[in-house]
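Below: one structure, written as structure tokens.
We did not get these values from a lab; they are worked out from the coordinates using the rules stated. Bear in mind the structure is a predicted one, so any value in this text is a computation, not a measurement. Cβ placement follows ideal geometry from the backbone for every residue including glycine, while neighbour counts extend to all protein chains displayed.
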Number of protein chains: 2
Amino acid sequence: MNLSSTEQDYLKAIFAITTIESRSANTNAIAEHLKTKASSVTDMIKKLAVKKLVKYEKYKPVHLSAAGIKTATSLIRSHRLWETFLVDRLKYDWSQVHTIAEQLEHVKDSELIDKLDDYLGNPSFDPHGDPIPTRNGAFPVREEITLINMKEGQCGTIASVLQDDESFLEALNDLDICIGNDVEFLKQISFDQSIKVIINNETIILSETMASNISVQKI
Amino acid sequence: MNLSSTEQDYLKAIFAITTIESRSANTNAIAEHLKTKASSVTDMIKKLAVKKLVKYEKYKPVHLSAAGIKTATSLIRSHRLWETFLVDRLKYDWSQVHTIAEQLEHVKDSELIDKLDDYLGNPSFDPHGDPIPTRNGAFPVREEITLINMKEGQCGTIASVLQDDESFLEALNDLDICIGNDVEFLKQISFDQSIKVIINNETIILSETMASNISVQKI
DNA sequence: AAATATTTTTAGACTAATCTAAAAATATTT
DNA sequence: AAATATTTTTAGATTAGTCTAAAAATATTT
């Protein structure tokens, strides 16, 4: 099916909200995710429903159809492979690559993404630590926990981030926090829910928001 | 300046017609080049004139301004670097890469193309043999002659093609003609203007159209 | 130089995606 | 369950790019 970049963006947004964030894909949630307005979302949802990419009943949250899930997954695959290329090969900083990959992921060619995958050595995780779907649409898994949910004394390594906002990624850079770093959870400070952790042998305090957006692979 | 992909395509078309093909950029010539209609061209030319990218007087052919030339050149640079990436790194056949590069060239990021250039080792010519403008906008040169214009007994190597049409590139593939092959011009057959040449130690006949679209580097 | 042909421009309409503002439906509070 | 608040949808407008058909300008032929 030939979809516009915009249609593809909507499918990705619905996938992110439902499958990744486990929320229901209301009109407003989608609008917020795509920084557009609710009325625009309603229009587009109708279009996608005609194309059988979403299941839609008026005033109800939307769901992706099997075809919709397939398309969204292959977009995520494309996005994450391009991010891997930009960081590993072109030496971009991982905080810069999201907006570029947003554009690259929409390039249409039947062979491109599989060739890129092979060229990069079929990586399982991207520079943000997120799983790259295989060409069959399967997401590689690993045992992860959100930093804020760790127990006192628990150890692990930074595995991925739950937000792609450039300011968030820069904050991590400023704190010298990278994918792969060792973490030990010390304790949560009840006053403001901030947490005390050891990362790279340095004891630091992270805000609740910060710690809610960092995913740790259990050891 | 923030230009849409469409605006960029018009600038490239005007550059190709004026500078590469040495013709004047009439409304119809541009329309034909972009497979659109004359009325659409007029509308767009007016837009580009307001943005000072072209010099335009009603009913006259358009010319690119200095800014227009700069933009067109950097698009050609982007296009040819992506083609090089697709062929050299992703192992595409050179006949397949044009339409993919058409999409990739529009990806917007201030550092991307220079990083790609460095990654590829700052190549001077793309897989079609065409010069890749440097980051300063200079076109690398070499001594070339169109195959049809060679003199009897003259020798050279296939340097580039003057058409990107997929069917043309496939025809070259079928004849086992590649960039870098040695050529010796034998004679032109006056009956139909076809030519007799030795390519890779094989004597073959090429149609006039064919030979008009192959560029040979003189030895 | 008048008649004809070609090219270019204008006028008005269409599509995809968006928006604002109002209306309708659903959800929450009292 | 009535009143209020929130969410969603509709209606109508806007913008970028395109198109067809007609009008205007330029070019060519006789």
### Message
Run the reach check for residue B:52 against aspartates and glutamates, Cα to Cα strictly under 14 Å, same-chain hits fewer than 8 apart removed. What comes back?
### Response
B:7
### Query
If you find the alpha carbon centre of region B:99-142 and of region B:57-71, how far apart are they in angstrom?
23 Å
### Task
List every residue whose amide H lies under 5 Å from the amide H of residue B:214, counting only residues 5 or more places away in sequence or on a different chain, with H placed 1.01 Å from N in the peptide plane.
B:147, B:148, B:162
### Query
Between residue B:114 and residue B:154, what length comes free when the chain is fully extended (0.36 nm per residue of separation minus the Cα-Cα distance, one decimal in nm)?
10.5 nm
### Task
Between residue B:32 and residue A:178, take the C-beta separation as r, use R0 = 56 Å, and let me know the FRET efficiency to the nearest 0.05.
0.60
## Note on the structure
Per the protein assembly as shown, sqrt(5λ) over the Cα gyration tensor eigenvalues, sorted largest first, in Å, gives 50, 26, 21
## Note on the structure
Candidates B:200, B:26, B:136; GNM for chain B (alpha-carbon contacts under 10 Å) flags as most fluctuating B:136
### Task
Pop a pseudo-label 7 angstrom from the Cα along the beta-carbon direction at both residue B:189 and residue A:99 and give the gap in nm to one decimal.
5.9 nm
### Message
My understanding is that a pair violates if its Cα-Cα distance is over 26 Å; which of A:51/B:91; A:115/B:35; A:37/A:115; B:12/B:58; B:37/B:91 do that in this structure?
### Response
A:51/B:91; A:115/B:35; A:37/A:115; B:37/B:91
### Task
Calculate the spin-label point distance for residue A:60 paired with residue B:208, positioning each point 7 Å from the Cα along the beta-carbon direction, and give it in nanometres.
6.8 nm
### Message
Can you tell me, using C-alpha contacts under 8 Å and at least 6 residues apart, the relative contact order of chain A as a whole percent?
### Response
15 percent
### Task
Among A:155, B:153, A:189, flag the residue with its Cα farthest along the positive direction of the charge dipole of the protein assembly as shown, charges on Cβ as +1 for Lys/Arg and -1 for Asp/Glu.
A:189
### Query
Which listed residue (B:10, B:33, B:64) has the Cα farthest towards the positive end of the charge dipole for region B:5-64, taking +1 on Lys and Arg C-beta and -1 on Asp and Glu C-beta about the Cα centre?
B:64
### Summary
Inter-chain shielding metric for B:91-102, i.e. average beta-carbon neighbours from other chains within 10 angstrom, reads 2
### Query
In a GNM of chain A with a 10 Å cut-off on Cα contacts, which of A:39, A:95, A:190 has the highest mean-square fluctuation?
A:190
### Message
With viscosity set to 0.692 mPa s at 37 °C, what whole-number translational diffusion coefficient in µm²/s follows for region A:1-135 from Stokes-Einstein and a Kirkwood radius over Cα pairs?
### Response
212 µm²/s
### Message
Using Cα-Cα distances under 8 Å and only pairs 6 or more residues apart, what relative contact order does region B:5-64 have, in percent?
### Response
33 percent
### Query
Roughly how tilted is helix B:5-15, in degrees to the nearest 10 and between 0 and 90, from the longest Cα axis of chain B?
50 degrees
### Message
Under a Cβ-only charge scheme (Lys and Arg +1, Asp and Glu -1), can you give me the dipole magnitude of chain B about the Cα centre, in debye to the nearest 20?
### Response
1280 debye
### Query
Based on Cβ point charges of +1 for Lys and Arg and -1 for Asp and Glu, what charge dipole magnitude is obtained for region B:5-64 about its Cα centre, in debye rounded to the nearest 20?
200 debye
